[in-house]
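Inspection log for the structure reproduced underneath, given as structure tokens.
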Amino acid sequence: MNRKTDTPTFLPYTRHWLDDDDIAAVTAVLRGDWLTSGPATTAFERALAATTGAREAVVCSSGTAALHLACMALGLRAGERALVPAITFVATANAPGFTGADIAFTDVDPDTGLMRAADMRAALARDGHPARVVLPVHLNGQVAPIEALSALAREQGLGIIEDGCHALGTRYTTRHGQSASVGDCRFSDATVFSFHPAKTIAMGEGGAVTTNDAALAAAMRRARNHGLVHDAGDFTDPAQAYEHDGERRPWYHEMPAPGNNYRASDIHCALGTSQLAKLPEFAARRATLMARYDEALQGLAPLVRPVPRVADCEPVLHLYPVHIDFARAGKTRTEVMQQLRARGIGTQVHYRPVHQQPWYRRQHPDLALPGARQYYERVLSLPFFTAMQNSDVSRVCNALREVL
Ligand SMILES: *Cc1c(COP(=O)(O)O)cnc(C)c1O
């Protein structure tokens, strides 16, 4: 790779990686005939389906749009509940909420931050509207216990949408010993990805939903384009669609239900395809950095511990979070972050429990989720991105040792 993006002296917690061929791919679209949804969008969808192993990929304008499209296509609506883990980016809760549905937050494993079947069961048992969908999050790039969650979802008649925004490229082994890929949807209706520059591959702004359900894919393609239908097979009003001689009226289209403009442009999709081709290299680089961190941090235990790894999972980590015993270190998280920053090292907290955001706290004033609280109180994301050097890992760990 010829690195366009030099590692700056200040180490941010995340950063994209762009090469000259990424820039060339975008420029080629700018010189062509299509700017928005055209051949580059179709090509990106094919490449994503091939990479994830799903039958269909529907590309759209962001991961948030992807979540909303999947919820709309599954028919989520007001008077129903969507189950969302408390530790995630706010969009995992907001997007199902756009349908009018209520959000029921589930607790998470205090160590990994992942939703467990018991957390889902506890949320189902709470009062509220009937639950309709569950949205497990593959936090940090590690796979949630998807087989157990899926079995419970199927038993309870819920749809299941995996939030794979952190986990493009993550592989895992199923109970039956099969090799699976996040996004292949073998245990779900759909999987959602984001290609925001903070994530493993960048398209500027963009996202996608993968699915094996052709009807669901068709519903999402409609919903991302204002709800408009152009295929004769889907018309509901033939008297309006055809002339008396049976000729289809060339301008005719229908809108059975309103959608949104969640299209991705060909400009963005060209970047997406170009970046996706580098995923194997990005994944290898992230695996190396993860192993370096794991080793370098051994000397800092028990004050600092990497977030524990999930069994039977080969993650492409999006973040490198650690748990820090701040009480034992005698410093607040703010002090640690500031003192690392003074040494040129950026860190971040992923995430503040979403049910404690003012909007959701008003709706769930008494909700206590101890696993989420324990995860949140200890967590800190260290710098982790493809363009990092191995020596940056030592720099971070030495600074952490000094500060603590
Ligand atoms: C980034 C992210 C999203 C939203 O993606 P955008 O492309 O930023 O809209 C949703 N869920 C998770 C877990 C994310 O990290």
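Only one of Asn260, Asn225 is surrounded by fewer than 19 Cβ atoms within 10 Å (Cβ to Cβ), in contact (Cβ under 8 Å) with a residue 24 or more places away in the chain and within 16 Å of the ligand (Cβ to nearest atom). Can you tell me which? Being surrounded by fewer than 19 Cβ atoms within 10 Å (Cβ to Cβ), in contact (Cβ under 8 Å) with a residue 24 or more places away in the chain and within 16 Å of the ligand (Cβ to nearest atom) holds for just one of Asn260, Asn225, which is Asn260. The numbered conditions (1) at pLDDT 95 or above; (2) part of a loop (DSSP other than H, G, I, E, B); (3) of a type outside the set (A, V, I, L, M, F, W, C); (4) touching a strand residue (DSSP E or B) at 6+ places or on another chain (Cβ under 8 Å) are all true for Gly157 except (4).
Screening Thr27 against (1) assigned to a helix (DSSP H, G or I); (2) under 26 Å from the mean Cα position of the chain (by Cα) leaves a single unmet condition, (2). Counted as qualifying within the stretch 297-396 are the strands (runs of 3 or more DSSP E) with 2 or more residues that are over 30 Å from Arg175 (Cα atoms), namely 379-382.
Rundown of residues vs (1) surrounded by fewer than 20 Cβ atoms within 10 Å (Cβ to Cβ); (2) closer than 13 Å to Val143 by Cα; (3) modelled with pLDDT under 95, yes/no style:
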{"position": "Thr174", "(1), (2), (3)": "yes, yes, no"}
{"position": "Ala180", "(1), (2), (3)": "no, yes, no"}
{"position": "Phe195", "(1), (2), (3)": "no, no, no"}
{"position": "Ile201", "(1), (2), (3)": "no, no, no"}
{"position": "Glu205", "(1), (2), (3)": "yes, no, no"}
{"position": "Asp213", "(1), (2), (3)": "yes, no, no"}
{"position": "Leu216", "(1), (2), (3)": "no, no, no"}
{"position": "Ala219", "(1), (2), (3)": "no, no, no"}
{"position": "Ala239", "(1), (2), (3)": "yes, no, yes"}
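Within the stretch 245-255, is there a residue that is over 30 Å from Met115 (Cβ atoms) and among the basic types (Lys, Arg)? Among the residues of the stretch 245-255, at least one is over 30 Å from Met115 (Cβ atoms) and among the basic types (Lys, Arg), which makes the answer yes. Can you say whether Tyr360 is over 18 Å from Thr14 (Cβ atoms), hydroxyl-bearing (Ser, Thr, Tyr) and either surrounded by fewer than 19 Cβ atoms within 10 Å (Cβ to Cβ) or not assigned by TED's automatic domain parsing to the domain that holds Asp111 (or both), as far as the supplied structure shows? The answer is yes for Tyr360. Right, Leu124: free of Cβ contacts under 8 Å to residues at least 60 places away in the same chain, surrounded by 18 or more Cβ atoms within 10 Å (Cβ to Cβ) and within 28 Å of His323 (Cβ to Cβ) or not? Taking the combined requirement at face value, the residue does not satisfy it. Can you confirm whether Asp107 is among the acidic types (Asp, Glu), within 30 Å of Pro12 (Cα to Cα), crowded, with 19+ Cβ neighbours inside 10 Å and within 16 Å of the ligand (Cβ to nearest atom)? No.
When you check Val307 against the structure, is it under 21 Å from Gly113 (Cα atoms), surrounded by 13 or more Cβ atoms within 10 Å (Cβ to Cβ) and in contact with a Ser or Thr (Cβ under 8 Å, 6 or more places away or on another chain), yes or no? Considered against the rule, which asks whether it is under 21 Å from Gly113 (Cα atoms), surrounded by 13 or more Cβ atoms within 10 Å (Cβ to Cβ) and in contact with a Ser or Thr (Cβ under 8 Å, 6 or more places away or on another chain), Val307 comes out as yes.
Starting from residues that are among the hydrophobic types (A, V, I, L, M, F, W, C), under 15 Å from Thr51 (Cβ atoms) and out of contact with any Leu (no Cβ under 9 Å at 6 or more places or on another chain), keep the ones in the stretch 164-217 and report whichever is farthest from the ligand (Cβ to nearest atom). Result: Ala180.
The values are calculated or read from the model by the stated rules, or taken from the named source; none is laboratory data. Given the structure is predicted, the values throughout are model-derived calculations rather than measurements. So basically every Cβ, Gly included, is an ideal-geometry build from the backbone, and we count neighbours across all protein chains shown.
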